[in-house]
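First comes the structure, then the notes that go with it.
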Amino acid sequence: MSPTGRTHGKLCLKLGAAILDFVESNDLGEALGAETGFTVERNPDSVLGADIAFVSKERLKDAEDADKFFPFAPDLAVEVLSPSNRAGEINEKISLYFSAGARMVWVVNPKRRTVAVYSSPDEARILGERDTLEGGDVLPGFSYELSKLFSAVKR
C-alpha cells in the first residue's frame, strides 16, 4: 500500500466517524477502517481493504475469527480516491466487491467533490457537495450532508 496525502486521511476519518457512530448507535454490525482485509476471490485468493467498510450484524457470524480476513466483501465498501488511483483500478475493485457480496460501494472523489453511489458494478448515481449521502437499505436511516465532508477539502 502506498502512502496517501492529508486530504485522503481527513475524508476517510470524517466519513468513517459518521458511519461508525451510526452503526454503533443502531447496533447494526461493525464499521471498519482501512487495512481490514476482505477476501474477494478464491484460488488464487485476492484480498482488498476498503478505506471504510461496514459489515452487517447478520453476516458477522460467518466471520467468527476476528484475526483473519473476512471471507467475503463488506456490505458497504467506501473508497476515497487518491491522486495515484487509476479509473481501471477502481472499476476492477468495484466489480470484485460486488462479485464477493457487497451490496453498495461509495467512491469519494476529493478533486471533483463528488461521491459515486454504486448499487451494482454498472449502476451509479453521482452526488455533489450540495447533496446528502444516504445509506439506502444497507444503512437504513443513515444520512450525511456532503458539504460537511468536503469542508475538509481545500479548493
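The values are calculated or read from the model by the stated rules, or taken from the named source; none is laboratory data. None of the values given here were measured: they were computed from a predicted structure. Every residue, glycine among them, receives a Cβ derived from its backbone with ideal geometry; neighbour counts consider all protein chains shown. The area values use the complete protein model at the heavy-atom level, side chains included, leaving out ligands, DNA and RNA. Shrake-Rupley method; radii C 1.70, N 1.55, O 1.52, S 1.80 Å.
Worth pointing out:
- Theoretical gain in end-to-end length, residue 24 to residue 57 [0.36 nm per residue, Cα-Cα removed]: 10.8 nm
- Bridges between two residues of region 1-131, per DSSP, are antiparallel at a rate of about 80%.
- In region 1-57, the portion of solvent-accessible area held by carbon and sulfur atoms comes to 50 percent [1.4 Å probe, whole percent, DNA, RNA and ligands not counted].
- When you filter the GluC sites (Glu not before Pro) in region 1-47 for DSSP loop state and at most 10 other Cβ atoms inside 10 Å of their Cβ, you are left with 35.
- Its Cα gyration tensor gives region 1-79 an equivalent ellipsoid; the semi-axes, largest first and in whole Å, are 21, 19, 8.
- Computed [θ] at 222 nm, deg cm²/dmol, the chain (DSSP H ≥ 4; -39,500 (n - 2.57); rounded to nearest 500): -8000 deg cm²/dmol
- Axis angle, to the nearest 10 degrees, between helix 87-99 and the longest C-alpha principal axis of the chain: 40 degrees.
- For the chain, relative contact order (Cα pairs under 8 Å, six or more residues apart, normalised by length) works out to 18 percent.
- Rounded to the nearest 10 degrees, the angle from helix 6-25 to the longest Cα principal axis of the chain is 60 degrees.
- Rg in Å to one decimal, and Dmax rounded to a whole Å, for the chain via C-alpha atoms: 14.6, 44
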